[in-house]
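What follows is a single structure, written as structure tokens, with notes after it.
The values are calculated or read from the model by the stated rules, or taken from the named source; none is laboratory data. The model shown is predicted, which means the values in this text are computed figures rather than measured ones. Heads up, the Cβs are rebuilt from the backbone with ideal geometry, glycines too, and the neighbour counts pull from every protein chain shown. Only protein heavy atoms, including side chains, enter the accessible area calculation; ligands, DNA and RNA are left aside. Shrake-Rupley method; radii C 1.70, N 1.55, O 1.52, S 1.80 Å.
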Amino acid sequence: MDLRRPNRPVIGPKVRQVGFVTPDSAAATSSSSIPAVSAAAATSAGSPPSSLSPVMIPPPRHPSTEMSNPHFHPVGSYNPSEQILGSPPALSPSRSSRFDADGSDFGGDDDESVALSGVGGGMTPKSSLLMRQPVTKTAPLVSETHKRDSNVSKGKGDGPSAAPKEKLTKAERRATQEAQRAAKAAAKEAAAAGGAPSVSKQPKPATKPATQQKKDVPSGSGPLQPLAPSGSIEKKQGKKEVAAPHPRMQFDDMTKVGKLKKRAVVNQSEARNRVELFRHLPQYEHGTQLPDLELKFFQLDLIHPSVYQVGLQFLSDKISGGNARCIAMLLAFKEVIQDYTTPPEKTLTRDLGAKVGSCVSFLIECRPLSVSMGNAIRFLKNRISSLPHNLSDKEAKSRLQSDIDRFINEKIIIASKAIVEHGVSKIRDGDVLLTYGSPSVVESIFAYAHGIKKNFRVVVVDSRPKHEGQGLLRRLVERGIHCTYTHLNAVSYVMHEVTRVFLGASSVLSNGTVYSRVGTACVAMVAHAFRVPVLVCCEAYKFHERVQLDSICSNELGDPDAISKVSGRKNLNYLDGWAQNENIQLLNLKYDATPSDYVSVLVTEQGMLPPTSVPVIIREYGIERLWT
Amino acid sequence: MPDVSDFILKLQRRRIEGSHATARQTAELLRSVVSQTRMPYTNQAAALLDAVRAVGEQLIAANPVELAVGNIVRRVLHIIREEDLSSSAVSFEGLMISEKSDDEDDADHKGGPVLSAAAVAAAARSTLRPRSLQTLLEDGPLPAAPSKSSSAGDSEGKSKSDKSAVGKRLKHSVIEAINLLIEEIDDCYEDISEQAVEHIHQNEVILTLGRSKTVKEFLYAAKQKNRSFRVFVAEGAPRYQGHVLAKELIQKGLETTVITDSAIFAMISRVNMVIVGAHAIMANGGVIAPVGMNMLALAAQRHAVPFVVVAGSHKLCPLYPHNPEVLLNELKSPSDLIDFGEFSDCMDFGAHGGAPLMHVVNPTFDYVPPNLVSLFITDTGGHNAAHMYKLIADYYSADDLVIKRKSTSSN
């Protein structure tokens, strides 16, 4: 670690790129000799202190081969210590393309990367090895020892910082100064030349396509997919962990909506009489898109038919529920990958990523993505971009397909089995269990508990307009479980007899908020008021680092006509022709946010957790597991 | 009496909906009962009380959940007691007023005698009504005068001088007072909505659930005073009366948003005030209200939104609730919730040893405990939940609460 710091000023720009906030980066400002660098370091120091400590970022993907020949380290890899090593222009062919992609991600940083590589080239293999050791640092230590340079072997792991400082020899100090001078010189040269010699030329041409792609995907990815993956996630992994989630598309931003419309495949017309509070959410006339899209079925060559089919099913609500939608989407993507051939002069990683991106934006047009789908897409894109470049198309495709299968299997199917096992342990004989809507995991918990001859009764609470509980009710009754069915308003009537409340979730956000089918919050609230424990069952892949306090900032709007018509009650037609009147609006919310204090326990495959542990799961497990 | 059995049948079959209609018709029925009662020479008030009580018992038994019936019966009993007291007071002072007509129809009775009786009654009320410790103490030492519970004996003893005149007078004054009661029931909307401007300010966002005529008039009144505000209407499944209310509101130009009941929690954070109607207000300040209200009240409490209940005085019930969610509730047909055709196989009583696997619960009412209610607005003004018992005590005689219950249960 001691070795690392003196070089720090030199690699300043990369600090910003990586986004790690370690105390030494703050300290680096003081010793930095390049103004630009100090600015960069300052920005990184300004980012939240909650970021991961260096311990958290062992290089997962770099095998020991790199250790043996550190000169071949890619400059742009996400690990900060590797960047220090900035490999000389002679990059190995397989790495060079990754370097391109990385450089493009951070468009303006090209120049600095040149300077960097110049300096880093002078490093010894030994130092590189040591620098990648995970190290914890404290701020005072950093400031004191920032001049130490080559005193590597002793400094590493040494406790008190004062002692090593005294040991610095003149020669060492001189070496540091020289290194800094060299860095300065290189930076100047780079700045003067604009895009100086061999290395800088490589990234530049690559910049455009990749950035375009990057822009493309998030803007199209709608309100529920804030972390739209770009083609090069993997290199920004560290950054992602720290950076705030991508802001969602706001549909009251007219210019953005206009842009979106131009690109849109689905022809949607804005719904009438919209609710003022929800201007920022998309709301379209229902029933208009479907026939239109069906007509287009044979014209849309861009969209793969299986994706198209899934999109239509989303649009017509044939597939609903977080898991079902996610699985349908992933299977469709699997087919897309199956039928994919890399066009000439393109690389699979980038082109397939773009293709998946366009499929995703089509799906978003059909219906905003759920968080679970967003996470699954993130996973897939990450897998695509992390494919080794020397793989043949066939291998790459089969690898991706098996990745998708693995995701479905591990994150959804096995996860729900684990949840079932956890959940069943909370069912005792004689319990009266209440559930709301039709959560698939909860249903399997009930089924399993019934299968192992637990004696319990289920209260199914349902609500308008979708009446999903009726399907659950039918399935449970067919299994022979005693059920009571009622509507949401009567929940305080039935809550007296209930001993446990099992709820599903569309997503669990990092502040513990449970984002779920609208009405879930009401049920949880009433249960809380009646002192009934609330168990929220949710797979960990639905966790998201976003936070939300209310149900208004981010939500999904359904068809307002579904409110004016009451199914099965034909004589209820008071609101027919409501759209003619300016004064009336019908609001059909799809989700709501349950405050975390209503949730007694979260049942996930990681175990049963309090809602306050969600950020822990997201940080410690979620991201690493998703990305690998 | 044909009217009575007719009305009982209607109540039993739940043909009369809404506490306002029930209250009004009960009052009208009792008025005709009073007018048809044959008055004995002695103990006339007791005779009236018995007649009314007998009918009232049947009415209450016909629909025990409709508390307005019991309220009106008790009000009428209270009226009889008061009129009896005041008339005996009048006769005591020798203010004998001869009646010209003693026909049963009350419609042509107006003017002097009755009004003066009412005035005297009001005066008597002021001395009789407050059952404070002081009045109790003052009543105690009175030598011969029994307490008001034995008002029948009172009248017997004191009105010997001119029994028939007093009897007619009593009946007429009772009928007149019942007319006033009916008027009060009809006018409660106006009295309540007059207060609307004091509670609704410009740009307010108001949430209501289901449909209540009182709420509607309340909002109309505020709109008429040129307040512009926005109303969220939760539709109130399974009756969806919110749709009707929304339609009525937009006709008056109010900006209305219909939301599903499930979105109540999502939207309550953007609401300034919750205004709802009630089915009945219990003596402890708890509210029997359409189903879903407890959920709404809890959500309002969570977000510190004022929860205001508007209700006419005929909805004030002198009883204290015990397990009101069950005892003061009514379960309706499952057909409101599910399609029988679709689920008929699940509700087969033959299978599974006689008990079907599936039950459908469709309650009508919810109980909102008093601590969730921020304010009651009745036709006498705004009241705190803790004050309701006192307000209610003004309308009813303490004797009627217990006696009625006893006789109802014994029958």
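Just one of the numbered conditions (1) in contact with a Cys (Cβ under 7 Å, 6 or more places away or on another chain); (2) hydrophobic (A, V, I, L, M, F, W, C); (3) more than 12 Å from chain B (Cβ to nearest Cβ) is not true of A:Val477: (3).
Which of the residues that make up segment A:533-554 are β-branched (Val, Ile, Thr) and either at the interface with chain B (Cβ under 10 Å from one of its Cβ atoms) or open to solvent by less than 10 Å² (accessible area, probe 1.4 Å) (or both)?
If the condition is that a residue be β-branched (Val, Ile, Thr) and either at the interface with chain B (Cβ under 10 Å from one of its Cβ atoms) or open to solvent by less than 10 Å² (accessible area, probe 1.4 Å) (or both), then A:Val534, A:Val536, A:Ile552 are the ones that fit.
Taken as a whole, the condition of being touching a residue at least 12 places away in the same chain (Cβ under 8 Å), within 18 Å of A:Gly577 (Cβ to Cβ) and in contact with a His (Cβ under 9 Å, 6 or more places away or on another chain) does not apply to B:Val271. Among the residues that make up segment B:31-38, is at least one of them open to solvent by 20 Å² or more (accessible area, probe 1.4 Å) and within 27 Å of B:Lys332 (Cβ to Cβ)? No, the conditions are met nowhere in segment B:31-38.
Just for segment A:330-341: of the residues that are open to solvent by less than 30 Å² (accessible area, probe 1.4 Å) and free of Cβ contacts under 8 Å to residues at least 60 places away in the same chain, which one is farthest from the chain's Cα centre (by Cα)? Before you say what the answer is, go through the steps one by one.
Within segment A:330-341, the subset open to solvent by less than 30 Å² (accessible area, probe 1.4 Å) is A:330, A:332-333, A:336-337, A:340.
Filter once more, keeping what is free of Cβ contacts under 8 Å to residues at least 60 places away in the same chain: A:332, A:336, A:340.
On the way: A:Ala332: 20, A:Val336: 22, A:Tyr340: 25 Å.
Among them, the one singled out is A:Tyr340.
The set of residues in segment B:209-244 being within 16 Å of A:Arg464 (Cβ to Cβ) and open to solvent by less than 20 Å² (accessible area, probe 1.4 Å) consists of B:Leu209, B:Gly210, B:Phe232, B:Val233, B:Ala234, B:Glu235, B:Gly236, B:Ala237, B:Pro238, B:Tyr240, B:Gly242, B:His243.
Can you say whether A:Gly480 is in contact with a strand residue (DSSP E or B) (Cβ under 7 Å, 6 or more places away or on another chain) and either of a type in the set (Val, Ile, Thr) or at pLDDT below 95 (or both), as far as the supplied structure shows?
Values: in contact with a strand residue (DSSP E or B) (Cβ under 7 Å, 6 or more places away or on another chain): no; either of a type in the set (Val, Ile, Thr) or at pLDDT below 95 (or both): yes.
For A:Gly480, the condition - in contact with a strand residue (DSSP E or B) (Cβ under 7 Å, 6 or more places away or on another chain) and either of a type in the set (Val, Ile, Thr) or at pLDDT below 95 (or both) - is not met.
All of B:Ala280, B:Ala304, B:Ala289, B:Ala300 fail the test of being more than 10 Å from chain A (Cβ to nearest Cβ) and either open to solvent by 10 Å² or more (accessible area, probe 1.4 Å) or of a type in the set (Lys, Arg) (or both), apart from B:Ala304.
Figure legend. Inter-residue proximity from segment B:347-373: first residues under 16 Å from A:Arg479 (Cβ atoms) and within 10 Å of chain A (Cβ to nearest Cβ), second residues at pLDDT 85 or above and open to solvent by 30 Å² or more (accessible area, probe 1.4 Å), beta-carbon distance below 7 Å, spacing 6+ or different chains. Indicated pairs: B:Leu357/A:His482. Whether any residue in segment A:460-469 is within 14 Å of chain B (Cβ to nearest Cβ) and either over 30 Å from B:Val258 (Cα atoms) or under 28 Å from the mean Cα position of the chain (by Cα) (or both) is what I want to check. No, segment A:460-469 has no match at all. In segment A:583-592 there is at least one residue matching the filter, namely being among the hydroxyl-bearing types (Ser, Thr, Tyr), more than 7 Å from chain B (Cβ to nearest Cβ) and open to solvent by less than 20 Å² (accessible area, probe 1.4 Å). Give me the residue from segment B:245-268 that is without any contact (Cβ under 8 Å) to a residue 12 or more places away in the chain and under 21 Å from A:Arg464 (Cα atoms) and, out of that set, most open to solvent (accessible area, probe 1.4 Å). Going through the qualifying residues, I end up with B:Lys247. Within the bounds of segment A:596-607, is there any residue that is away from every other protein chain (no Cβ under 11 Å), in a helix (DSSP H, G or I), in contact with a helix residue (DSSP H, G or I) (Cβ under 9 Å, 6 or more places away or on another chain) and farther than 23 Å from B:Gly292 by Cα? Scanning segment A:596-607, I find no residue that is away from every other protein chain (no Cβ under 11 Å), in a helix (DSSP H, G or I), in contact with a helix residue (DSSP H, G or I) (Cβ under 9 Å, 6 or more places away or on another chain) and farther than 23 Å from B:Gly292 by Cα, so the answer is no. Of all residues in segment B:2-22, those satisfying the criterion of being of a type in the set (A, V, I, L, M, F, W, C) and either open to solvent by 70 Å² or more (accessible area, probe 1.4 Å) or in contact with a Lys or Arg (Cβ under 8 Å, 6 or more places away or on another chain) (or both) are B:Leu9, B:Ile16. Residue count for segment A:359-411 under the criterion of being among the acidic types (Asp, Glu) and more than 18 Å from the chain's Cα centre (by Cα): the result is 4. No other residue among B:Ile338, B:Ile264 is at pLDDT 90 or above and facing another protein chain (nearest Cβ under 9 Å) apart from B:Ile264.
Filtered by the rule that a residue be of a type in the set (Ser, Thr, Tyr) and either within 11 Å of chain B (Cβ to nearest Cβ) or open to solvent by 10 Å² or more (accessible area, probe 1.4 Å) (or both), segment A:483-512 gives A:Thr484, A:Tyr485, A:Thr486, A:Ser492, A:Tyr493, A:Thr499, A:Ser506, A:Ser510.
Scanning segment B:313-332 for residues that are within 12 Å of another protein chain (Cβ to nearest Cβ) and polar (S, T, N, Q) yields B:Asn323, B:Asn329.
Residue count for segment A:555-582 under the criterion of being without any contact (Cβ under 8 Å) to a residue 40 or more places away in the chain, buried (at least 17 other Cβ atoms within 10 Å of the Cβ) and at the interface with chain B (Cβ under 7 Å from one of its Cβ atoms): the result is 3.
Set side by side, the residues A:Ala449, A:Ala415 differ, and just one is away from every other protein chain (no Cβ under 14 Å), more than 16 Å from A:Cys483 (Cβ to Cβ) and buried (at least 17 other Cβ atoms within 10 Å of the Cβ), which is A:Ala415. With respect to the conditions (1) more than 17 Å from A:Ile408 (Cα to Cα); (2) open to solvent by 30 Å² or more (accessible area, probe 1.4 Å); (3) of a type in the set (Val, Ile, Thr), A:Ile327 falls short on a single one, namely (1). For B:Ile281, the conditions (1) in contact (Cβ under 8 Å) with a residue 24 or more places away in the chain; (2) over 21 Å from B:Gly210 (Cα atoms) are fulfilled apart from (2).
Within segment B:216-233, the residues that satisfy the criterion of being touching a helix residue (DSSP H, G or I) at 6+ places or on another chain (Cβ under 8 Å) and either closer than 16 Å to B:Ile377 by Cβ or not in a strand (DSSP E or B) (or both) are B:Lys216, B:Glu217, B:Phe218, B:Leu219, B:Tyr220, B:Ala221, B:Ala222, B:Lys225, B:Arg227, B:Phe229. For B:Arg14, the test of being of a type in the set (Lys, Arg) and assigned to a helix (DSSP H, G or I) is failed. Selection of helices (runs of 4 or more DSSP H) fully inside segment A:411-483 by the criterion of at least 2 residues being out of contact with any Pro (no Cβ under 6 Å at 6 or more places or on another chain) and in contact (Cβ under 8 Å) with a residue 40 or more places away in the chain returns A:415-424, A:440-451.
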